[in-house]
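Only the coordinates and a few stated rules stand behind these numbers; no lab work does. Computed from a predicted structure; not experimentally measured. All Cβ positions, glycine included, derive from the backbone under ideal geometry; neighbour counts span all protein chains shown.
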Amino acid sequence: MFGSPLKNYQAPPTCGLPHIYYALRPEAETGILVLENKEWPGDHLMFSYPLNIYYESLVLENKECPYLHYGVQNITKSLTAIEAQEKSTELIIKYLTNHSINNSILEVGIGLGTTLNKLQSCGYNVKGISPDLDQITQSNMLHTSFEDYITTDTYNHILFQESAQYIDPSIIVSKSHSLLEKEGQLLIMDEFSTEIIPEVEKLIEGMFKIEDLKDLTKKAKGSITYLIKVIEKHRNNITDSRIDDLLPLLKIRESEYNNGTYKYLLVSLIKK
């Protein structure tokens, strides 16, 4: 819909690489904690390409990876990558809590489940769905794509945090409309191709009204630069050889952010 760097790439259910987990161990001579990777026997989260590369590079750089989405930087004060990611999630929660608390939320694309857990702690009744089986780790998560999701439930909010870019815009609009309660909220934080924005505006006519539209491009574009840097830094320790395919695509996307052909937006739509 909006602009994955892998525009027409159809990801397999898993990337077919060994399950890897990362552990800190004290080095024998110095006692300094160092990062080592090992094959995991079973239930570790495993992501499809290119998320597996993002995840591995961020863990190698930060020794943790609570989020897989872009961060939102302060213009006046530089944040760490994880702080910027936390700020992004806090912004989403703020937009949701402008509405009544304890409402039901469908999160489409759950990543590492961090946002879902934060929403639960705020008192929301949250269900998460993902087409990637290895991301399903809790009872309120369901293994399905949004396109194939069948339910009699309706929701007060539907959230797409960097997952809308993989789904046809007409499906997002029509299916979200049918799954939302009256005056329910469709909240999307994602990349938008400026070419597709007029099409999206036509699709929502008569179905949704725009409650708010926030352009976060300047605050988010540093995430791409950071991601390129950490992938290049740790490329010799990343298990997927498709780094050489991914890096040029990320650099193209970086230039598209700079020349304005792509934007990073937070869009809140209310069902009519």
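A few notes on this one:
- For TYR262, the residues whose amide H sits under 5 Å from its own are THR194, TYR257, ignoring neighbours fewer than 5 places away on the same chain, with H placed 1.01 Å from N.
- Residues ARG235, ARG253 arranged by fewest to most Cβ contacts within 10 Å: ARG235, ARG253
- Interchain or long-range residues, amide H under 5 Å from GLY128's placed H: GLU107, MET141, LEU142
- Phi-derived couplings, Karplus 6.51 cos²θ - 1.76 cosθ + 1.60 at θ = phi - 60°, listed residue by residue for segment 247-254: 4, x, 5, 5, 5, 5, 5, 4 Hz, with x used for Gly and Pro.
- Pairwise FRET efficiency - THR217 versus THR152, Cβ, R0 = 41 Å, nearest 0.05: 0.60
- FRET efficiency, 1/(1 + (r/R0)^6) with R0 41 Å, evaluated for SER241 and GLU201 via beta carbons: 0.50
- Report note on the peptides 143-150, 112-119: ranked by the mean count of other C-beta atoms within 10 Å, highest first, their order is 112-119, 143-150.
- Residues whose amide H comes within less than 5 Å of that of GLU211, counting only those at least five positions distant or on another chain, are SER268, LEU269, ILE270 (H built at 1.01 Å from N in the peptide plane).
- For MET189, MET207, the sequence from fewest to most other C-beta atoms within 10 Å is MET207, MET189.
- Listed by chain and number, the aspartates and glutamates whose alpha-carbon sits under 20 Å from that of LYS202, ignoring those within fewer than 8 places in the same chain, are ASP168, GLU183, ASP190, GLU191, GLU211, ASP212, ASP215.
- Neighbour-count ranking [beta-carbon atoms within 10 angstrom, fewest first] of CYS65, CYS122: CYS122, CYS65
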